[in-house]
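The values are calculated or read from the model by the stated rules, or taken from the named source; none is laboratory data. None of the values given here were measured: they were computed from a predicted structure. In this analysis, Cβ positions are derived from the backbone assuming ideal geometry, glycine residues included, and neighbour counts consider all displayed protein chains.
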Amino acid sequence: MKERYIDPFTPDLPIDSSDRFSGRIKEIDSVIDSLFQLANDKPKHTIITGDRGIGKSSVLIQARNLAEGNLDLAERLGISPGLDNYNFVCAWHDCATDQTPSALASGILSQLQTSLENLFGKLKIELNIGGILTVGQKEDSSVSSLSEVVELFCAGLARAANQAKDKGKSGIVLFFDELDRVETSSGVATFFKLSAEKLSRDQVKSVAFFAAGITGAIQNLEEEHGSIYRTFKDVPLPRLELLEVEQILKEGFNSVACTYENEVIQKIFELCAGYPEPVHLLGSQILKSDSDDHLSADDFEVAKVDVVETLRRNKLASMLRKAGSGKYQKILEAMASYGGANVPLTHITQTIGYEQNQYSANMGNLLKRDIISSVDRGVYCFVDPLLKEYIARFGVINTEDENNSETEL
Ligand SMILES: Nc1ncnc2c1ncn2[C@@H]1O[C@H](COP(=O)(O)OP(=O)(O)OP(=O)(O)O)[C@@H](O)[C@H]1O
Ligand SMILES: [Mg+2]
C-alpha cells in the first residue's frame, strides 16, 4: 500500500494559489493591464470568456489576488505590474440563473460593504442596498426600473469609491463569476452598459467590473443586447498547450515525490485535448492507481478506465442523452471515430453520409447544448474530451431514431 498523501490535484476547484496556476501568460498580462489602467483612473471593464471548465474562475481568482496586492503570479510569470503594488478593494459575486439586474447590483454591493467593513470597520456611508431591493420587487424589466437600479447602484459605488480613496486604496474592482448563468432576457447586459456609462459620466474613475462566462452564453447575451463586448474588454481563454499541461502534472507528481515516464504526460495531454479540468481528474486518478511511486503507461490506462467507466460514467452518459437521438448520435459517433481531438466537418460528412446542409442545424443544437465546441471554421471538438473515450468504450445511444431527431428543438 502506498503511504497516505495529500492529493495535489483539484478537478473540482478553481486554482487559488499562484504556484499551482499554469501558463496563461498573455491572458494574465491582459488582466494586469486592466488593473494598471484602473489604478491610473482609466477603468477597463474586462470579461474572461472560454469553454466550460477551461479555467475562467481560476483566472478571475488570480485577478482578485493581484488586485488585492498579492503579486506572486506576476513575479513568477515575469510580468511587470507597472506600479509597486495594487491595493484595490474587491468584492465577488457568483451569478445565479434567475438573476435580475437589481439582484446582481444588491448582491455585489452587499459583498462590497462587507469588504469595506473588514478593512475599515463599520461604515458611515450608505450604499443603499435596501433601495435597490425595493426597486427590484416591482421590477418589470421596463427601461424605467432598470435605469432606477443603475442610478442607485452607481450612486452607492461612487460613495464607496470615495471612501476607499479617502482611506488610501486605489479603487474598487467588482468580480462577477458565471455571468453566463443569467438569462439573456434579464437585462443584465444592458445593466452593465448603462452602469459603465453612468460611472464614466459621473467621473467615477476608480471602479471597474471583471466578469467571467462561457463563450456561447456570453455571445447570446451579446445578441440580445449588442453591448457586452462594447462594455467589456474580452480576454478569451484558449485550450492549454502541451507545456502548460506538463507543468500542471509535473508539479503535482513532484509534490508527492512520484516519478513518471514522459509518455504519461503526452497521453494525458492527448486525452484531455487542452482542457485543464480532466487533466486534474486524470492526475488525481493516476496517483491512486499507482503502487510504486513511478507512473507508467500502464498506470495511465488503469486511470483512464476508472475515470471513464466509473468516476465520470454518469455524467458522460447524461451528456450523450442530452445531445438528442438519431442524427445527433451519428454526428457524435463520427466525431469520436476521428484520430485527433479537433474534428473537421469533412470527416463528419464522409462518415455519416449526409451533406453539410443536411446536418448543420444539428451541429448548431449540439453547440447550444454544450456538447461540442467550435475550434475554428468548420472544426469542432467535444466540450468534455472524455466523451470521445466514453463513446469508444460504450458506443452511442441510438442512431436509428431519425424522426425524433428531425423534430427535436
Ligand atoms: N491555469 C491553470 N493551471 C492549472 N489548473 C487549472 C488552470 N486553470 C484551471 N485549472 C483547473 O481546471 C479546472 C477548471 O477550472 P475553473 O473552475 O477555473 O474553470 P471554469 O472555466 O471556471 O469552469 P466552469 O465553466 O465550470 O465555471 C479546475 O480543476 C482547476 O483547478
Ligand atoms: Mg467557473
Candidates SER57, SER80 - the one that is at negative phi, more than 16 Å from ligand 1 (Cβ to nearest atom) and polar (S, T, N, Q): SER80
Yes or no: the stretch 267-274 includes at least one residue that is of a type in the set (Lys, Arg), assigned to a strand (DSSP E or B) and more than 11 Å from ligand 1 (Cβ to nearest atom). no
Subset of the stretch 1-53, residues in contact with a Ser or Thr (Cβ under 7 Å, 6 or more places away or on another chain) and near ligand 1 (Cβ under 9 Å from one of its atoms), comes to PHE9, PRO11, PRO14, ILE15, PHE21, GLY50, ASP51
Just for the stretch 29-58: of the residues that are out of contact with any helix residue (DSSP H, G or I) (no Cβ under 6 Å at 6 or more places or on another chain) and within 18 Å of ILE248 (Cα to Cα), which one is surrounded by the fewest Cβ atoms within 10 Å (Cβ to Cβ)? SER57
Say whether the condition of being buried (at least 18 other Cβ atoms within 10 Å of the Cβ), more than 16 Å from ILE172 (Cα to Cα) and either charged (D, E, K, R) or modelled with pLDDT of 85 or more (or both) is met by at least one residue in the stretch 107-128. no
If only one of LEU249, LEU221, LEU240 is part of a helix (DSSP H, G or I), touching a helix residue (DSSP H, G or I) at 6+ places or on another chain (Cβ under 8 Å) and under 18 Å from ASP51 (Cα atoms), which one is it? LEU221
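Residues checked against (1) over 18 Å from SER22 (Cα atoms); (2) of a type outside the set (Gly, Ala, Ser); (3) within 16 Å of ligand 2 (Cβ to nearest atom):
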site	(1), (2), (3)
VAL235	no, yes, yes
GLU241	no, yes, no
GLY252	no, no, no
LEU295	yes, yes, no
Please identify the pairs in which a residue from the stretch 43-61 that is assigned by TED's automatic domain parsing to the domain that holds ALA212 has its Cβ atom under 7 Å from the Cβ atom of a residue that is within 8 Å of ligand 2 (Cβ to nearest atom) and polar (S, T, N, Q), counting only partners at least 6 apart or on another chain. none
In this structure, does ALA341 turn out to be within 30 Å of GLN266 (Cα to Cα), of a type in the set (Gly, Ala, Ser) and at pLDDT below 95? yes
Check on PHE175, within 30 Å of GLY121 (Cβ to Cβ), under 21 Å from the mean Cα position of the chain (by Cα) and either within 16 Å of ligand 1 (Cβ to nearest atom) or not in a loop (DSSP other than H, G, I, E, B) (or both): yes
Against the definition (among the acidic types (Asp, Glu) and touching a residue at least 24 places away in the same chain (Cβ under 8 Å)), how does ASP306 come out, yes or no? no
What number goes with the only condition from (1) under 24 Å from LYS198 (Cβ atoms); (2) buried (at least 22 other Cβ atoms within 10 Å of the Cβ); (3) aromatic (Phe, Trp, Tyr) that PHE21 does not pass? (1)
Does ARG321 satisfy being in contact with a Phe, Trp or Tyr (Cβ under 9 Å, 6 or more places away or on another chain) and among the charged types (D, E, K, R)? no
For the subset of the stretch 91-106 comprising residues that are of a type in the set (A, V, I, L, M, F, W, C) and over 17 Å from LEU199 (Cβ atoms), which member is modelled with the lowest pLDDT? ALA96
Quick check on my filter: what residues within the stretch 129-188 are within 16 Å of ligand 2 (Cβ to nearest atom) and either surrounded by fewer than 21 Cβ atoms within 10 Å (Cβ to Cβ) or among the acidic types (Asp, Glu) (or both)? ASP177, GLU178, ASP180, ARG181
Being of a type in the set (Gly, Ala, Ser), closer than 25 Å to PRO14 by Cα and touching a residue at least 40 places away in the same chain (Cβ under 8 Å) is the filter here, so list the residues in the stretch 198-250 that pass it. ALA208, ALA211, ALA212, GLY213, GLY216
Return the residues of the stretch 12-62 that are within 13 Å of ligand 2 (Cβ to nearest atom) and either within 21 Å of ASN85 (Cα to Cα) or among the polar types (S, T, N, Q) (or both); say none if nothing qualifies. ASP16, THR49, SER57, SER58, VAL59, LEU60, ILE61, GLN62
Options SER195, SER170, SER145, SER185: the member that is part of a loop (DSSP other than H, G, I, E, B) and either in contact (Cβ under 8 Å) with a residue 60 or more places away in the chain or more than 16 Å from ligand 1 (Cβ to nearest atom) (or both): SER170
